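The values are calculated or read from the model by the stated rules, or taken from the named source; none is laboratory data. Just so you know, these numbers come straight off a predicted model, no measurement behind them. Note that we place each Cβ from the backbone using ideal geometry, even for glycine, and neighbour counts take in every protein chain shown.
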Amino acid sequence: MTDNKLPCLDLLEVTPDILRGLMTELTEEDKRWKPAPDRYSIAEVLAHLSHCEGDLYRVRLDRFMAESRPEFKPDNAQNYFDLYRNADPQKAFEHFEEQRENNIQFLRKLPASAGERLALHYQNGEITLSHLLNEMALHDLGHIRQIAELVRARKYKASAGPMAVSYNLKP
């Protein structure tokens, strides 16, 4: 590891380990369970993470470094729901993990000054590479929380017996 001051790299690096830990006792059925028709399953969240890592974040990282002030269109995950619906959770997770490892290796080689590189986001205005890395951390943490709530609701609440009544889960 190089002495790099780009933000969030340590958190971004451990996200796959956190997710793996949350899923240690889940069956395939657990990973595909949806709390409601309009809510995501763990499998769909994993497919979303995989898609974002390669088709959104990596493209933006490369453009930040190759172009002077690249322009980014807003992303809309809802446009890809059909892609996520039938995804294999194990393959999606492995793909996400591989892409994240590649992205971290790429980012760790960059100088700290790369964090100040600018881009124009059509929805959010001028952003830096550091802004993007912090947004990636926000994105990861939101989906870690989402998967944790799905695991709690699917795997552990019913087995907590009478103690489960004090938990108001919203997976």
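Listing for the model above:
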quantity	calculated
Exclusive hit being surrounded by fewer than 16 Cβ atoms within 10 Å (Cβ to Cβ), under 15 Å from the mean Cα position of the chain (by Cα), of a type in the set (Gly, Ala, Ser) and more than 19 Å from Thr128 (Cα to Cα), set Ala36, Ala77, Ala43	Ala77
Some residue of segment 67-81 being out of contact with any Asp or Glu (no Cβ under 6 Å at 6 or more places or on another chain), closer than 24 Å to Ala112 by Cβ, part of a helix (DSSP H, G or I) and free of Cβ contacts under 8 Å to residues at least 24 places away in the same chain	no
Lone unmet requirement of (1) part of a helix (DSSP H, G or I); (2) at pLDDT 95 or above for Thr24	(1)
Within segment 114-160, considering residues that are loosely packed, with under 12 Cβ neighbours inside 10 Å and among the aliphatic types (A, V, I, L, M), the one modelled with the lowest pLDDT	Ala158
Residue check for Pro171: more than 16 Å from Asp62 (Cβ to Cβ) and in contact (Cβ under 8 Å) with a residue 24 or more places away in the chain	yes
Selection count where residues are of a type in the set (D, E, K, R), without any contact (Cβ under 8 Å) to a residue 40 or more places away in the chain and in a loop (DSSP other than H, G, I, E, B), scope segment 36-66	1
